[in-house]
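Written out below as structure tokens is the structure these notes cover.
The values are calculated or read from the model by the stated rules, or taken from the named source; none is laboratory data. In this text, all values refer to a predicted model and were calculated from it rather than measured experimentally. Counting neighbours? That spans all protein chains shown, and the Cβs are built from the backbone with ideal geometry, glycine included. Accessible surface areas use protein heavy atoms only, side chains included; no ligands, DNA or RNA. Shrake-Rupley method; radii C 1.70, N 1.55, O 1.52, S 1.80 Å.
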Amino acid sequence: QVQLVESGGGLVQPGGSLRLSCAASGSIFSINAMGWYRQAPGKQRELVASITSGGSTNYADSVKGRFTISRDNAKNTVYLQMNSLKPEDTAVYYCNADGVPWGDSYVYRYWGQGTQVTVSS
């Protein structure tokens, strides 16, 4: 069983910053890509950023230049540094990890419970 626990969400004014963290724990043999998605009210969940185990990154156009994804492989943790936040960044942010549990040979996608980010004055 693999669990993802997110932290760092909250209320911030436009132009402000937040840093999200997501730690994976449990019976993990390996983790491949990790990433962050978000879902605003009435909208579909969308990819915000992803990062491979080797450090290659991918960003949604809407966050390029403002958000930075990083990871600590030793801690099985992924981070999302969010700067210059806008009201349209308001959403529930979910982390995900593609991992292989101990004793298994398949890659599964795991999800965190979500953390609310609200950008408002």
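Out of curiosity, is residue 49 at pLDDT 95 or above, in contact with a helix residue (DSSP H, G or I) (Cβ under 9 Å, 6 or more places away or on another chain), closer than 19 Å to residue 7 by Cα and not in a loop (DSSP other than H, G, I, E, B)? Please lay out each step first, then the result.
Numbers: at pLDDT 95 or above: yes; in contact with a helix residue (DSSP H, G or I) (Cβ under 9 Å, 6 or more places away or on another chain): yes; closer than 19 Å to residue 7 by Cα: yes; not in a loop (DSSP other than H, G, I, E, B): yes.
Spelling it out, residue 49 is indeed at pLDDT 95 or above, in contact with a helix residue (DSSP H, G or I) (Cβ under 9 Å, 6 or more places away or on another chain), closer than 19 Å to residue 7 by Cα and not in a loop (DSSP other than H, G, I, E, B).
Scanning region 20-68 for residues that are under 15 Å from residue 112 (Cα atoms), within 14 Å of the chain's Cα centre (by Cα) and not aliphatic (A, V, I, L, M) yields 21, 22, 35, 36, 37, 38, 39, 45, 46, 50.
For region 95-121, what are the residues that are open to solvent by 40 Å² or more (accessible area, probe 1.4 Å) and part of a strand (DSSP E or B)?
108, 109, 110, 111, 116, 118
Answer yes or no: is there a residue in region 63-85 that is in a strand (DSSP E or B), surrounded by fewer than 19 Cβ atoms within 10 Å (Cβ to Cβ) and among the small types (Gly, Ala, Ser). The answer is yes, given that some residue of region 63-85 is in a strand (DSSP E or B), surrounded by fewer than 19 Cβ atoms within 10 Å (Cβ to Cβ) and among the small types (Gly, Ala, Ser).
Please work out if residue 58 is open to solvent by 40 Å² or more (accessible area, probe 1.4 Å), part of a strand (DSSP E or B) and modelled with pLDDT under 95. No. Among the residues of region 43-51, is any surrounded by fewer than 14 Cβ atoms within 10 Å (Cβ to Cβ), touching a strand residue (DSSP E or B) at 6+ places or on another chain (Cβ under 7 Å) and in contact (Cβ under 8 Å) with a residue 40 or more places away in the chain? No, region 43-51 contains no residue that is surrounded by fewer than 14 Cβ atoms within 10 Å (Cβ to Cβ), touching a strand residue (DSSP E or B) at 6+ places or on another chain (Cβ under 7 Å) and in contact (Cβ under 8 Å) with a residue 40 or more places away in the chain.
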